[in-house]
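The values are calculated or read from the model by the stated rules, or taken from the named source; none is laboratory data. Because the structure is predicted, anything quoted here is derived from the model rather than measured. We place every Cβ from the backbone using ideal geometry, glycine too, and count neighbours over all the protein chains shown. We work out accessible area using only protein heavy atoms, side chains counted, and drop any ligands, DNA or RNA first. Shrake-Rupley method; radii C 1.70, N 1.55, O 1.52, S 1.80 Å.
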Amino acid sequence: MASLAERAVQVLTTADGRAKCALSRAHAAEWMASRAAGSPLPIGKATPPDAPARPERPELLDPRDVPRRRPGSPTGRAALLHAVAHIELNAVDLHWDIVARFTDHPMPLGFYDDWVKAADEESKHFNLMADCLEALGSHYGAMPAHAGMWRAASDTATDLHGRLAVVPMVLEARGLDVTPGMIDLFRKAGEAGPVAALEVIYAEEVSHVAYGSKWFNWLCGREGSDPKEVFHRLVRHYFHGTLKPPFNEEKRADAGLPPDFYWPLTETAPDPA
Ligand SMILES: [Fe+2]
Ligand SMILES: [Fe+2]
């Protein structure tokens, strides 16, 4: 029987979005069933690829070259859904990557429960966005998308603290800040399908940020370091740029992210590393 790490690599090396998400959901269901039965799949070891497999389409462009479309127009709204689908597909891979990449760190099984559940939810989110695009007569792959989404993962490939700080606690927390505005935009346009899908995403993303802060704090607690200081140092080292307010302080608090973690990172500071 394939280990959890081997299953993670199977997802990472599947290129097609729908196929990746179907495999991701099947592996997540098997992990959860094995946990409920009291006989968890072995975590095992496997080597994740440097970057996950991607379909031939969308074309991946430098963010500066991705055409900007007015969000007030139907094509602009479709482009927004396409961009979210791309983010969700990347998130599926990010969560399976953290499962496979850091097996040398002894972690409680709860660490794997959380990231497998997050990966399962991202797979659902990708499917929801792909469904919305298809309802508009489009599809994932019909427009160009940002290259370089995997950069945060590459930069933190050997640093679990850094990965948790940058991916769930910075990038996914940013999703909490911007999603309400997106929901509003689709609501004003009278597009009920995207509103319902984005509301699911918004509700579930809080827990992904919470898993990040939970395990980051856990690691710092295990070694007796100050989580806030370590967070500031790692984000300044690995994250390119400053954090941009306004922040969704309420949802960030729900996710266990206090203001003194992120506010000091809104200004540039010298990289101490
Ligand atoms: Fe998501
Ligand atoms: Fe997420």
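For the residues Ile87, Ile98, a 1.4 Å probe over the protein chains yields an accessible-area ranking, largest first, of Ile87, Ile98. For the peptides 180-192, 248-260, 121-133, the ranking by mean Cβ contacts within 10 Å, running from highest to lowest, is 121-133, 248-260, 180-192. Within the accessible area of the chain, the carbon and sulfur atoms contribute 56%, probe 1.4 Å, all protein chains present. Note on Ala203 and Glu267: the extension gain reaches 20.1 nm, defined as 0.36 nm multiplied by sequence separation minus the Cα-Cα distance. In order along the stretch 206-219, the Karplus-derived 3J(HN,Hα) couplings, from 6.51 cos²θ - 1.76 cosθ + 1.60 at θ = phi - 60°, round to 4, 5, 5, 5, 5, 4, x, 5, 4, 6, 5, 5, 4, 4 Hz, and Gly and Pro are given as x. Per residue, the solvent-accessible area of the stretch 150-273 (1.4 Å probe, heavy atoms of protein chains only, all protein chains present) comes to 46 Å².
So how strong a dipole does the stretch 121-210 carry about its Cα centre when Lys and Arg Cβ are +1 and Asp and Glu Cβ are -1, to the nearest 20 debye?
Details: 6 positive and 13 negative charges, 37 e Å.
That gives the stretch 121-210 a dipole magnitude of about 180 debye.
Stretching the chain fully between His237 and Asp16 yields a gain of 76.3 nm (0.36 nm per residue, less the alpha carbon separation).
If you plug the beta carbon distance of Leu109 and Arg187 into 1/(1 + (r/R0)^6) with R0 = 35 Å, you get a FRET efficiency near 0.30. Annotation for Lys228 and Asp65: the two label points, set 7 Å from Cα along the Cα-Cβ direction, are 4.4 nm apart.
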